[in-house]
Structure formats: structure tokens, C-alpha cells
1. Which residues belonging to the range B:212-249 lose at least 50 Å² of 1.4 Å-probe accessible area when the assembly is complete, relative to their chain isolated?
2. In square angstrom, rounded to the nearest 10, how much accessible surface does A:H301 have for a 1.4 Å probe?
3. To the nearest 10 square angstrom, how much accessible area does A:F9 have with a 1.4 angstrom probe?
4. Find the accessible area per residue for the protein assembly as shown; the probe is 1.4 Å, ligands and nucleic acids are left out, and the unit is Å².
5. Rolling a 1.4 angstrom probe over the protein chains, ignoring ligands and nucleic acids, what is the accessible area of B:T243 in square angstrom, nearest 10?
6. Amide H to amide H, which residues 5 or more places from A:Y143 or on other chains are under 5 Å from it, using H placed in the peptide plane?
7. For chain B, what is the per residue volume of the convex hull drawn over the alpha-carbon atoms, in cubic angstrom?
8. Accessible area drop of at least 20 Å² (1.4 Å probe, protein heavy atoms): which residues of the range B:46-88 qualify, relative to the chain alone?
Amino acid sequence: MEMDLLQRFEAYIASDKKIEPKDWMPDAYRKTLIRQISQHAHSEIVGMLPEGNWISRAPSLKRKAILMAKVQDEAGHGLYLYSACETLGVQRDDTIADLHSGKAKYSSIFNYPTLNWADIGAIGWLVDGAAIMNQVPLCKCSYGPYARAMVRVCKEESFHQRQGFQIMMTMAGGTEDQKAMAQDALNRWWWPSLMMFGPPDDDSPNSAQSMAWNIKRFSNDELREKFVDLTVPQADLLGLTIPDPDLKWNEETGHYEFGEIDWSEFKRVVSGHGPCNKERIETRRTAWDNGEWVRDAANAHAEKRAARRAAADTAAA
Amino acid sequence: MDARFDYLLRLGDDALILGQQLGLWTGHGPALEEDIALTNIGLDQIGQARAWLTLAGRIEGQGRDEDRLAYFRDQAEFRNALLCERPNGHFGDTIVRQFLFDTYAVGLHEGLSRSSDPEIAAIARKSAKESAYHLRHSRAWMVRLGDGTEESHAKVQQSLDDLLPYVGDLFHSDEATQNAAVEGWGVDPAELREGWEARFNEMLDESGLTCPESVPEQTGGRVGRHTEQLSFLLAEMQVLPRTYPDAQW
């Protein structure tokens, strides 16, 4: 019986059909998806914090409105993704508890601080740019609810990426102070952005299985190369310098060659010792704890109202 | 000061200060849905602020745009009601502040949508749709928190007791507002109080919250006499344009 189900599942994957919540799926597939989708959802929610940090100081009302709308989009992405995760049989509150306890991870990029206004541009341009590179292939991933959520997420992310680039253009074309802020932001966000694609292919333990299941469609190094190829000419256009002395165009391969990524930094940040890891989780926990009485009140009111309705119905009958 | 300019600053500054404060909730709400809702309401407020301040600047005729007015005035030049600058506090404080404002804003926007000035009327019609939605949201939470648990009832009752003294400032009436009403392009807020009371009392009935006996009112925002909180809020909001006055953003 199990064998038949497995064969059918594998046939689905082979023919590029979508797996839906009620379809049978191997436990390991379910677990991989729960891990990946919940990490993705957490990344959206934690990712609201570094950008939210500048909402109160946005330098014009238009920029303030755009940033609020953008960060609100991230909350919306979190919501779709937690919902996609729930189709796999886990509850949102439990998933969030795993984030708060440190059991679940989120994208390490959000453990870096936003120190000047150009960081808001750099995040849109580089971080959202790298995220799109990672996420566009997910629109075709084998799990239906995740693939569909990603279609909408990607549309919004590409809009975010353009607004980030537009901030960078304004800053890079502005006063000397603004140019310096733009360069400083690029210096700090460049390498962490390259790390967003994950460890090199020969050191990526989960990749092979995810590729076989059509959850992952391109390798970490392939996507990283594509990102560098696309981004370097954009930096040139901005008149900014990528902080990599080894960066050069290779005529033969048709790709840029870039310097060694400091994987020890990546591991340090992933394992909880980046500049803002503690602060980010603490902020999320505080928001959750401070909101407990509010959630309790909403539940209590809903129960009381249902009870009052039921009593009124009984009285009327 | 031109009466119409002064009047529009009051409208713009209320929305701006509320929007600025609601933006601080982004990423810190009690649930994801509320994070989205509070940011969305804040976004509407910023949108309204931009429209009112742009119009104010044009009427003033000194070349000041929305950003010049938002970022380069000092606290004594702000004309927002004191209620709007009360700190976010906890979720209940923010909801009460918003509810007390929304119950005023729905009447205001409805009245202004009949303004003889077509630009004021147009902004008001758009704002009226938004404030009706904001009121639905804040009112629903007044009821949930008032009726919910003992803790939530006590907390939100305290918020209400604390913030009610600031309501009177919303209805401040002077020559500018009276002229606005007589000339037909504006509404005298004093006329909005009755409608406000009715909406407020409906909420009390449904939430089980009570109105404190007698409340001496705190006023002064409309003439630029503010609370200590405002200059901190402005220092944070205005920091970039003030530090780099030559920059375009």
C-alpha cells in the first residue's frame, strides 16, 4: 500500500504535477516543507524589524508611506506562508513558539543592523534582489500551496526591489553625504547578500533531496552567480564600488569571478552570534508577550458572544 | 496667519502625528493581523496628512510643500490636537486614542465632504471612506477589550480614563473654525460634539466600559501649546532632513 502511494507521489513529482495538502506525501517531504516554509515565514516577520527601524525617521512623507507599505507587505507574506504551513498540519502559534525558542531559524541577513537611510535602499536592492533570485523558482515548486503563495510574494518582492534601487539612485546621485551613505550601505550589505544563497554546493547537506523533490530547482552556487552577474552592472550604473578587490569579468565563462566568501562569518551569524540575533528575537518575543492579554481578550470575547447568541437562540426556540 | 492655512494645518497635523505614532507599531503588534491593520491605518493617516499639508502649503503661497511643513516646523508651530500626540503606550492605549479620534474624524470628514472648496471636499470624501473603516476597527477592539477578560477590561478602562481629558481639544472652536463654517468651506468642530457623544455612548453600551464622572479637559494643541511628548516625536521624525538640509530624498 505504502509502496503504491510512494510510486504515485514520485510519478507526480516526475511529471511536474503539484502535490496538494490532502495528497499522500512521504514524512520527510512534509518535514522538509514545514522547515522551509516556516523558516521563510519567520524571515518575513523578523525581516520587518531592520526596515521598520527607519519608518519613524523616513526622510520624506512619500518615503515614509512607501516604507510602511513595504514592511506591511512583508507581514502579509508572513501571513500567507504561515497559512501554507498550516496546510501541512502545524499550527501558526506552535510555529511561532519555535521561532521564539530558537528552535526554528530565519534568514541570517536580518541579523545585521540598519545604520543609515541608504540601508533601506540597499535592503530592497540587494536583499530583496537575492530573495527574488531564490524565490522565483519556488513559484514552480512541487507543493501547490507554497508555489501559489510564492507567485504573489514574488510580484511584490520585485516591486520592493525596484523601490530599493530607486532609493540607491537618489542617494548615489545626491550630496556627498548621501553618496557616502550609499557606499557604506553597499559595503555592509554586499557580502551578507551573497551568503543569502546558502553554503557552497559541496557543503549544502539538504540540497540534493530538495532538488529531487522539485522543492529546489537551482543550486546555491548557480543562483549566487546569477545574482552577481545581474547586480554588478547595476552597481556600476549607480557609480558605487562593490567591496570585492577580486571581482572581475571573465570573458571566457561569461560570468563575473568574485572573491572568497567568509563562511566563518556566515556560520557565526547562523549560530546566533551576529550583530543583532539576540535583539531581533527578543523584540519578537516581547511583541508576542505584550500581546498576550490582547489575544486572550479577543478569544474570551468571541466565546462570550457565541454563548450569548446560543442562549438567545434557545430562548427564541 | 491665513485662516484657511491654519485650519488645514490642524487637519494635516492630526493625521501626520497619528500616522507617525502608528508606524511605530509595525513589527510589534499583538498578532500579525493587527500589525497589518495598525500599519495600514497609519498609512492612511500619512496619506491624508500629505494631501492636507500639500493643500495648506499651496494656500499659504510661500512655496512650502508637504515635506517642508512636516519636517521644518518646530513643535509650537504644530496645530494637532493633544490627543494625537499622547504616547502609543500599550495596545489598549493606542486603540482608545484611535477610537476617540475616529469617532471625531467620521463626523469631520463627512461634514468637510460638503465643503464649498472642491479640493477640501475631494480630500474629505476620500478620507471619509478611510475613517469609516478605521472606526470599525477601533470600535471592534474597544468592544473586544472591554468585554473580553477582567484584565483587558481593567486595562482599557484605565486607558479611557487617561485619554478622555484630551478629547475636548478636538472640538476646539475659534474664529478660524467659525469663519470656516460661516463661509461654507469648513466645519466648526464644536458642531461635531453631539454626533461624537452618540457614537461614544453606543460603544460604552456594547463594551461595558464606563465614562468617568467629570473630566477637566486638557487643551492647547490648536494654538501650538503642546505636551512634552511632541518635541521628542518631532526630533525623531525630522532628524534626516534637518541634519542634511540640502539633500533630496
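The values are calculated or read from the model by the stated rules, or taken from the named source; none is laboratory data. Note that the structure is predicted; figures quoted are calculated from it, not measured. All Cβ positions, even for glycine, are placed from backbone atoms using ideal geometry, and neighbour counts span all protein chains on display. Only protein heavy atoms, including side chains, enter the accessible area calculation; ligands, DNA and RNA are left aside. Shrake-Rupley method; radii C 1.70, N 1.55, O 1.52, S 1.80 Å.
1. Those are B:L240, B:Y244, B:W249, which lose 50 Å² or more relative to the chain on its own.
2. 20 Å²
3. Solvent-accessible area, nearest 10 Å²: 10 Å².
4. For the protein assembly as shown, the solvent-accessible area averages 43 Å² per residue.
5. Roll a 1.4 Å probe over it and B:T243 shows about 80 Å².
6. A:I19
7. Residue-normalised Cα hull volume stands at 122 Å³.
8. Those residues are B:I46, B:R50, B:D67, B:Y71.
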